[in-house]
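Peer 1: Pasting a structure below so you can have a look.
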Amino acid sequence: MVKKFILSGAGLAATLVMAVPVFAQTGTTTLPARPAASSTSAAKIACVGTAVATREAALSTGVTAYTQATNAAYTARAAALQSAYTQTTPSAVKDGVKKAWSQFSTAKKAARTALNTSQKNAWNSFRTAAAACKAPSEVSDSGNATSDISGN
């Protein structure tokens, strides 16, 4: 029984080895050429490119403002804490430290809110401009909006 199975397998393999070249295609195969992008399509893609450039400039401006506001908050906190520790009574130090951290927290929240607002505005403006371009959806990168920093 095992001999028959081995012989049958060998016979099948030999048949396939001889048959495969018969089914193989000779020569080269060429794929049909893609039609050249029309000038209308190119204009729509360029339109989206302009919308992306505008969005990125707005996002950059928002991040720059956030960074500057955050740096200013840290600088102000350092100065306020330094001032707090020049006080001579524990209650005055405690009040000064509490005030320094409270102002820092408020400044950071304001910076974060401003960043989130600028990002939202930049992406909303982009979506409106990109939709007006009427370009194919695969040329947009809106799916990457969540990759932006959150300001947290």
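The values are calculated or read from the model by the stated rules, or taken from the named source; none is laboratory data. Because the structure is a prediction, the values reported are computed rather than measured. Counting neighbours? That spans all protein chains shown, and the Cβs are built from the backbone with ideal geometry, glycine included. These accessible areas exclude ligands, DNA and RNA; they are computed on the full protein's heavy atoms, side chains included. Shrake-Rupley method; radii C 1.70, N 1.55, O 1.52, S 1.80 Å.
Peer 1: Using a 1.4 angstrom probe on heavy atoms only, work out the carbon and sulfur share of the accessible area of the range 35-152 in %.
Peer 2: The nonpolar share, carbon plus sulfur, comes to 59 percent.
Peer 1: Could you tell me the calculated FRET efficiency between Glu138 and Ser60, based on Cβ-Cβ distance and R0 = 41 angstrom, to the nearest 0.05?
Peer 2: 0.95
Peer 1: Probe of 1.4 angstrom, ligands and nucleic acids ignored: what's the accessible area per residue over the range 66-121, in square angstrom?
Peer 2: Value for the range 66-121: 67 Å² per residue.
Peer 1: Per residue of the range 130-144, what does 6.51 cos²θ - 1.76 cosθ + 1.60 with θ = phi - 60° give for ³J(HN,Hα)? Whole Hz please, x for Gly and Pro, Karplus curve as stated.
Peer 2: 5, 5, 5, 6, 6, 7, x, 5, 6, 8, 8, 10, 4, x, 9
Peer 1: Please give the per residue volume of the convex hull enclosing the alpha carbon atoms of the range 58-108, rounded to a whole number of Å³.
Peer 2: Normalising the Cα hull of the range 58-108 by residue number yields 37 Å³.
Peer 1: What distance in nm lies between label points placed 7 Å from Cα along the C-beta direction at Ala129 and Thr86?
Peer 2: Modelled inter-label distance: 4.8 nm.
Peer 1: Set the Förster radius R0 to 30 Å, insert the Cβ-Cβ distance between Thr146 and Ala78 as r into 1/(1 + (r/R0)^6), and round the FRET efficiency to 0.05.
Peer 2: Given R0 = 30 Å and the Cβ-Cβ separation, E is 0.35.
Peer 1: Another question, if that's okay. Please list 3J(HN,Hα) in residue order for the range 57-74, calculated via the Karplus relation 6.51 cos²θ - 1.76 cosθ + 1.60 where θ = phi - 60°; whole Hz, with x for glycine and proline.
Peer 2: Along the range 57-74, the couplings run 5, 5, 5, 4, 4, x, 5, 4, 5, 4, 4, 5, 5, 5, 4, 5, 5, 5 Hz.
Peer 1: Suppose each label sits 7 Å from its Cα in the direction of the beta carbon; what would the Thr106-Asn71 distance come out to in nanometres?
Peer 2: In this crude label model, Thr106 to Asn71 measures out at 2.4 nm.
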